[in-house]
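Inspection log for the structure reproduced underneath, given as structure tokens.
The values are calculated or read from the model by the stated rules, or taken from the named source; none is laboratory data. What you see is a predicted model, and the numbers here were worked out from it, not measured in a lab. Cβ placement follows ideal geometry from the backbone for every residue including glycine, while neighbour counts extend to all protein chains displayed. Just the protein is used for accessible areas: all its heavy atoms, side chains included, with ligands, DNA and RNA removed. Shrake-Rupley method; radii C 1.70, N 1.55, O 1.52, S 1.80 Å.
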Amino acid sequence: MKPNKSLYTFGIVVFYFLSVSMILRAQSYPIVDDKPVSSPDLDPELSKFIDNIKAVDNHSHANTTDPNDEGSDALPLYVLLPFEIPARLRPNSPDWRAAYQKLYNYPGASLTEQDIEAYAGNIDRLVREKGEKFQEWVLDQTGIEIMLTNRTAMGPGLSSPRFRWVSFGDALLYPLNTKLEAATSPDREKLFPFEEQHLKNYLTDLNMAKLPVTLNEYVKQVVTRTLENQKEKGCVAIKFEVGFLRKLDFDDVDFKTASKVYSKYINGGEPSHSEYKSLQDFLFRYIARETGRLGMAVHIHSFPGPGNYYDAKGSDPLLLEPVFNDPELKGTKFILVHGGGTFSDHTSMMLWKPNVYADISGLTRFWTTQQLANVLTEWLSQYPEKILFGTDAASFGPGIGWELGAWIASRTCRDALALALTQMIRHNEITRDRAMEMAEMVMRKNANTLYDLGMN
């Protein structure tokens, strides 16, 4: 496995360029304005204020300056292709053209596969000119002061304080043979080998040749030490993409039960699904507890998709309620990344929990301004101090880098936030001053408090 700089979901673009190439060649779309929401729908003073907020991005997959960067995700989704792609991510979406115009000074009235190939030299020159400052330049263009980025490791161009590391915790849940777990779906069969390799990498980082023989040794020598090492390297949160691998129903399993499973299979054999689940459940809560002890947060992927065999209802945030109610985990802060997607109303229920937050990453790329505004209105009317801005910016292949996703998501969020707050003002639910205060909370202040970023 050695993806090039396009990494992450390179195959998505390849697949869709092939499937819609005739459409792209036959149609020509005008460049859309970078302010797509009509001005009568927005409070102009509020909209201008929101546009000028320097944001904190809670979730992204930014690439380094290394052309062979392999660290932008633990589970590269291109291995699951082909699968259905939301309209706003397809190559013929006008969002891409608007971002091209804004970031690259693209002059064309359309953006086809041929246009991207022809303009590639201009982009390459820009990247070379910026060098290791390219990533920070992207943040400046998108109005982002600090970007939290999910990576297996940081790298050149992604330095603090502008970039903060969010690592992955899934591999720590799977110390035993995963053959039966992988067999539960064709998607999981392709993804589990990546987790096995990540666990090997963690052992290498700890100078360990093999896993300990007891669960007690495993959690102390591997899990806790890995988390502590990541904390020392600047990690602010641990991300779980576990929804791609299993349901989010983590039961409260005691150490004795989990220890029996670990000891039984650590030297060989294949644990049954129920046996392995009990060990995973114990380890998830252990990791969450240790993460809280270390002052880091826990990010949990909560979104129904993607993939051809994704268990959508398995990502329902309501499945996590027993975890959020666990008294031993009250010191851990949990963030529902992507806000539950179409389960956004269930996310609003979980925001009642004192240590639960939600970000809108992903929604800022998949959903329209109006759709996102509807979700924000519901959440902001209840818990404005628990909502976080996020882009889910990632590379989509040659000529469609993570910087484009960051710009599109930032634009969508600012418009949706302005629309939601404008409607609340006009319904006499809040004042304009309160709306501005809430906008700053969502875009930067909530994250500043949550992660103790030290921002003004």
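Structural remarks
- Scanning segment 48-57 for residues that are in a helix (DSSP H, G or I) and crowded, with 17+ Cβ neighbours inside 10 Å yields Phe49, Ile50.
- Looking at Ser263, Ser272, just one residue is without any contact (Cβ under 8 Å) to a residue 60 or more places away in the chain and either at positive phi or over 20 Å from the mean Cα position of the chain (by Cα) (or both), and that residue is Ser263.
- Single residue of segment 213-248 satisfying the filter (in contact with a strand residue (DSSP E or B) (Cβ under 6 Å, 6 or more places away or on another chain) and charged (D, E, K, R)) that is farthest from Thr449 (Cα to Cα): Glu241
- Residue match in segment 408-425 (condition: within 20 Å of Ser344 (Cβ to Cβ), out of contact with any Asp or Glu (no Cβ under 8 Å at 6 or more places or on another chain), among the basic types (Lys, Arg) and in contact (Cβ under 8 Å) with a residue 40 or more places away in the chain): no
- Output for segment 202-235, where each listed residue is open to solvent by less than 20 Å² (accessible area, probe 1.4 Å) and not in a helix (DSSP H, G or I): Leu206, Pro212, Cys235
- Filtered residues of segment 139-156 (kept if surrounded by fewer than 22 Cβ atoms within 10 Å (Cβ to Cβ) and either assigned to a loop (DSSP other than H, G, I, E, B) or of a type in the set (S, T, N, Q) (or both)): Gln141, Gly143, Thr152, Ala153, Met154, Gly155, Pro156
- Leu319 vs. criteria under 16 Å from Phe240 (Cα atoms), of a type in the set (A, V, I, L, M) and either surrounded by fewer than 22 Cβ atoms within 10 Å (Cβ to Cβ) or out of contact with any helix residue (DSSP H, G or I) (no Cβ under 8 Å at 6 or more places or on another chain) (or both): yes
- Tabulated pairs, segment 357-377, first in contact (Cβ under 8 Å) with a residue 40 or more places away in the chain and of a type in the set (A, V, I, L, M, F, W, C), second open to solvent by less than 20 Å² (accessible area, probe 1.4 Å) and outside any helix (DSSP H, G or I), C-beta under 8 angstrom, 6+ apart or interchain: Ile360/Ile387; Ile360/Leu388; Ile360/Phe389; Ile360/Gly390; Leu372/Ile360; Leu376/Ile360; Leu376/Ile387
- The number of residues in segment 58-96 being more than 30 Å from Lys386 (Cα to Cα), part of a loop (DSSP other than H, G, I, E, B) and open to solvent by 20 Å² or more (accessible area, probe 1.4 Å) comes to 10.
- Residue match in segment 385-395 (condition: touching a residue at least 40 places away in the same chain (Cβ under 8 Å), under 30 Å from Asp115 (Cα atoms) and open to solvent by 10 Å² or more (accessible area, probe 1.4 Å)): yes
- Output for segment 52-68, where each listed residue is out of contact with any Lys or Arg (no Cβ under 6 Å at 6 or more places or on another chain) and either of a type outside the set (A, V, I, L, M, F, W, C) or modelled with pLDDT under 95 (or both): Asn52, Lys54, Asp57, Asn58, His59, Ser60, His61, Asn63, Thr64, Thr65, Asp66, Asn68
- Selection count where residues are of a type in the set (Phe, Trp, Tyr) and buried (at least 24 other Cβ atoms within 10 Å of the Cβ), scope segment 335-381: 1
- Scoring Ala99 on the criteria (1) in a loop (DSSP other than H, G, I, E, B); (2) over 17 Å from the mean Cα position of the chain (by Cα); (3) crowded, with 20+ Cβ neighbours inside 10 Å leaves a single failure, condition (1).
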